[in-house]
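Below is one structure, written out as C-alpha cells; comments come after it.
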Amino acid sequence: MPRAGGGRRPRSAPGPERLQKVLAHAGLASRREAEAWIRAGRVTINGAVATLGARVTPGDELRLDGRPVHVRAAADVRAFLCHRSPGEPLGEPIGAASVAAGERTAMLGRLPRRLGRRFIAVSPMPRADGGLELVTSDGGLAARLQRGVHGFSSEFGVRVRGELSAMQLRGILGGELDSGAHLAVERCDTAGGEGANRWYQIAARGASGREIRQLLERQAALVSRVLRTRLGPLALERSLPRGRFRELTQEELRALLSGPAPLEDGAADG
C-alpha cells in the first residue's frame, strides 16, 4: 500500500475563464470577433444573454445564436505544420461553381474538423507561393504564435530568372523594403537551378513571404516562386509531401511559444 500522503493529489478543477477566451479556444473566432458577438447579444450563458467580461466554467452551457458551443479541454489544443503547394488555396471557401471551374480544395478544409470549425493560419504565405504553413484552431494560441513568429528567423527557397548579380545580392542583404523598413537578412546563398532558372536560399528574421518577394523584386529580380522551408524551430522535412500536414509535438509548441533567441550583435544592421 502507498504510504500516507504519498498518493497523487487530486487535480484541481479549472477556474472560470473569460467568455471571449473560451470562444476563441473553441476554434470559433478570434477574441476580438468573440467580443463583437458578445456585444451583439449573440451569446448566452445558461440561457441568459452574456455580457462582455463574463466568466464561465466548464459546467456552464454556452450557446452562440442558439447553437451549443462545445468547449475543448486544454489537451485538445493543437497546431499543425502543412506543406502547401504553390497556388493551392489555404483556407478560402470553395463552392460548387469553383470546383467545377477547376479550383482545388482548400488545404485547411482537409484538417480534422473535430478540432474546430475555423482554422487560423499564422503568418501565411501568399497564395501564389507555398511551402511551410503553420495553422491552429485555437484563436488564443494563434494570437500568441503570430506575435512570436515575427522574431524568429525563417528560410525561403526563391526561384528567379537568371543569376543574381553582385549588386543585386548586396541590395538583398541590405534588406530594404518599399516602405523604407529593413529586414534582418542573415544570408542569401545560391542553391542550384536548371535552364534559365536559379534557386537561392534566403534566411531573414521576422520576414513574411510577401516581404521576401518584395525584397527581390526591388532589386529587379524576376521572381517566379517563393517557398518557405523553415519557420523558427520548425523545418519542412522532405518526408512530408505537398498537400499533407502533421501535428506539432508538444516540444515544438513549447519552442515556438518560448520565443526566439536574441539577435546577435550586428544581425539587424542594414
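Descriptive notes on the structure:
- With a simple spin-label model that places each label point 7 Å from the Cα along the Cα-to-Cβ direction, the separation between E237 and R127 comes to 3.1 nm.
- Approximate spin-label separation T249-R218, in nm, with each point projected 7 Å along Cα-to-Cβ: 3.8
- Accessible surface for segment 122-164, divided over its residues, is 32 Å² per residue with a 1.4 Å probe.
- Rounded to the nearest 20 debye, dipole of segment 196-243 from Cβ charges on Lys, Arg, Asp, Glu: 60
- Between S258 and R144, the simple spin-label model (points 7 angstrom out along Cα→Cβ) gives 1.4 nm.
- Semi-axis lengths (Å, descending) of the ellipsoid that matches the C-alpha gyration tensor of segment 105-203: 32, 18, 10
- As a rough guide to protection, the peptides 167-173, 202-208 ranked by mean Cβ packing within 10 Å, highest first, stand as 202-208, 167-173.
- Largest to smallest accessible area among C82, C188 [probe 1.4 Å]: C188, C82
- Euclidean distance of C-alpha centroids, segment 120-169 and segment 208-265, integer Å: 5
- Dmax and Rg, reported as Rg then Dmax, of segment 166-266 (C-alpha, Å): 15.5, 44
- Computed lengthening from Q201 to A40, 0.36 nm per intervening residue step minus Cα-Cα distance: 53.1 nm
The values are calculated or read from the model by the stated rules, or taken from the named source; none is laboratory data. None of these values were measured; they are calculated from a predicted model. Methodologically, a virtual Cβ is constructed for each residue, glycine included, from the backbone with ideal geometry; neighbour enumeration extends over all protein chains shown. Just so you know, the surface numbers come from the protein's heavy atoms only, side chains and all, with ligands and any DNA or RNA stripped out. Shrake-Rupley method; radii C 1.70, N 1.55, O 1.52, S 1.80 Å.
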